[in-house]
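Following: one structure in structure tokens, then a few remarks.
Quick note: the coordinates plus some simple rules give every number you see, no bench work behind them. Remember, it's a predicted structure, so these values are computed and weren't measured experimentally. In this analysis, Cβ positions are derived from the backbone assuming ideal geometry, glycine residues included, and neighbour counts consider all displayed protein chains.
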Amino acid sequence: MILIVDYDMGNLRSIQNKLNKIGIDSIISSDPKEILKANKLILPGVGHFAAGMTNLKKMGLINVLKKKVIKEKTPILGICLGMQLFTEYSEEGNVPGLGWIKAQTKKFNFKEDNNNLRIPHVGWNNINITKKSLILNDFNNESRFYFTHSYHVVPNDNNLILTTTNYGYDFVSSIEHKNIVGVQFHPEKSHIKGLNIIKNFVQRF
């Protein structure tokens, strides 16, 4: 069973619609009992990091997600804010995250020659693949995805990095650590490429 975690912060139905297109049944839930039964998890996210952590705490989801992901090694896909929440800390609200990966979430900070770039970063950009992964099966550096974000993940260990993307400078656009995978872009808004990311996670990862 694929479960999309509902903590009032994501494009839940859009992700479920993508799963429906590839014939994969899923549920949207914040029920800890349902989460414990899931074979794979998707943690979406749109909005403020601190609000996301607050919602996870209020809904009693942090411990159950930790049990599934860290103890039971259930595969999880984090999307945009969902990926950022995996980190130890975010500048957005200056609050700790879930701490599942050794990384921080930082705001775009451009040098003077790139001060004309807008924040948030919104639009279509290529990925630069730095490491092989099942989630990136059949992708190349010409693959384009849709982004909308003001913050990005900065890992302590570069071995976590699957892809980078350039917006003023190179930032991390996807990561992988054991059963944890995250993408900064929105696969649910990225047409066939995004559909294939979700398909790879469900069928290969």
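Quick look at the values:
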{"read-out": "Cβ-derived FRET efficiency at R0 30 Å, residue 170 paired with residue 67, nearest 0.05", "value": "0.30"}
{"read-out": "Assigned charges on the beta-carbon of Lys, Arg, Asp, Glu; region 2-203 dipole about Cα centre (debye)", "value": "500"}
{"read-out": "Potential lengthening between residue 14 and residue 142 on full extension [0.36 nm per residue; Cα-Cα distance subtracted]", "value": "43.6 nm"}
{"read-out": "Extension gain, residue 107 back to residue 36 (0.36 nm per residue minus Cα-Cα distance, nm)", "value": "22.2 nm"}
{"read-out": "Region 1-115: equivalent-ellipsoid semi-axes (sqrt of 5 x gyration tensor eigenvalues, Cα, Å)", "value": "26, 17, 12"}
{"read-out": "Segment residue 115-residue 91, length gained on full extension (0.36 nm per residue, minus Cα span)", "value": "6.7 nm"}
{"read-out": "Sequence-distant lysines (8 or more away, or on other chains) whose Cα lies within less than 22 Å of residue 67", "value": "33, 37, 40, 57, 58, 102, 178"}
{"read-out": "Ellipticity estimate at 222 nm from DSSP helix runs (n ≥ 4, -39,500 (n - 2.57)) divided over the chain, nearest 500", "value": "-6500 deg cm²/dmol"}
{"read-out": "Over 32 Å between alpha carbons, listed pairs 21/131; 21/107; 66/111; 68/106", "value": "21/107; 66/111"}
